[in-house]
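Have a look at the structure below before the remarks.
The values are calculated or read from the model by the stated rules, or taken from the named source; none is laboratory data. The shown structure was predicted, so the numbers you read here are calculated from the model rather than taken from an experiment. Here the Cβ positions follow ideal geometry from the backbone for every residue, glycine too, while neighbour counts run over all protein chains shown.
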Amino acid sequence: MKGLSTKISRNLVPGSVLACADNSGAKTLMIINRLGKAGNSKGRYSKSGIGDVVTASVKSGTPQYIKKKVKVVIIRQRSPIRRANGMRVRFEDNAGILVSDAMLAVGTEVKGAMAREIVERYIKLAGIASRVV
């Protein structure tokens, strides 16, 4: 996995609600935990941000996904992120897309914008992006 050149502020904790931005059938997701959560202190929530892979529970959507645990890549967050050129980027909502164990997207298209950091790190997910910011 490629490292990011931006300073990601990680503000999404377990229990945060994400909108599902792809057409897989899920609508809202709730974060359970971050995968590969190195660097956290004992007793502290594992925070996550853009580009992190989290496990989430599907709260609403089609019956095949409701109450299921899924892997999600976070593609948008409300909290601003600082890029290497000094520009700060923030989005209107917190959103993620469902991925398989091989880090391939479950859906076939993404609704809304996707952060450029996602395209740099996960090249396969760039193929379904409608807009990259």
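In region 74-100, of all residues being within 15 Å of Ser24 (Cβ to Cβ) and not β-branched (Val, Ile, Thr), the one that is surrounded by the most Cβ atoms within 10 Å (Cβ to Cβ) corresponds to Gly96. Taking the criterion of being touching a Gly at 6+ places or on another chain (Cβ under 7 Å) and surrounded by fewer than 16 Cβ atoms within 10 Å (Cβ to Cβ), the only residue of region 10-22 that qualifies is Asn11.
Criterion applied to Thr55, Thr62 was being surrounded by fewer than 12 Cβ atoms within 10 Å (Cβ to Cβ) and among the hydroxyl-bearing types (Ser, Thr, Tyr), and the one residue passing it is Thr62. Residues in region 74-84 that are in a loop (DSSP other than H, G, I, E, B) and either touching a helix residue (DSSP H, G or I) at 6+ places or on another chain (Cβ under 7 Å) or more than 15 Å from Leu18 (Cα to Cα) (or both): Pro80, Arg83, Ala84. Per the listing Val89, Val133, the residue uniquely touching a residue at least 40 places away in the same chain (Cβ under 8 Å) and more than 20 Å from Ser16 (Cβ to Cβ) is Val133. Only a single criterion out of (1) loosely packed, with under 13 Cβ neighbours inside 10 Å; (2) assigned to a strand (DSSP E or B) is not satisfied by Ser41, namely (2). Does Ile31 satisfy being under 20 Å from Val119 (Cα atoms) and of a type in the set (A, V, I, L, M, F, W, C)? Taking the combined requirement at face value, the residue does not satisfy it. Within region 41-62, being modelled with pLDDT under 90 and either over 18 Å from the mean Cα position of the chain (by Cα) or within 15 Å of Leu98 (Cα to Cα) (or both) holds for Ser41, Lys42, Gly43, Arg44.
Kindly indicate whether any position in region 109-121 is touching a helix residue (DSSP H, G or I) at 6+ places or on another chain (Cβ under 6 Å), on the phi < 0 side of the Ramachandran plot and not hydrophobic (A, V, I, L, M, F, W, C). Yes, that holds for at least one residue. When we screen Lys59, Lys71 for residues that are within 25 Å of Ser9 (Cβ to Cβ), outside any loop (DSSP other than H, G, I, E, B) and without any contact (Cβ under 8 Å) to a residue 40 or more places away in the chain, the only hit is Lys71.
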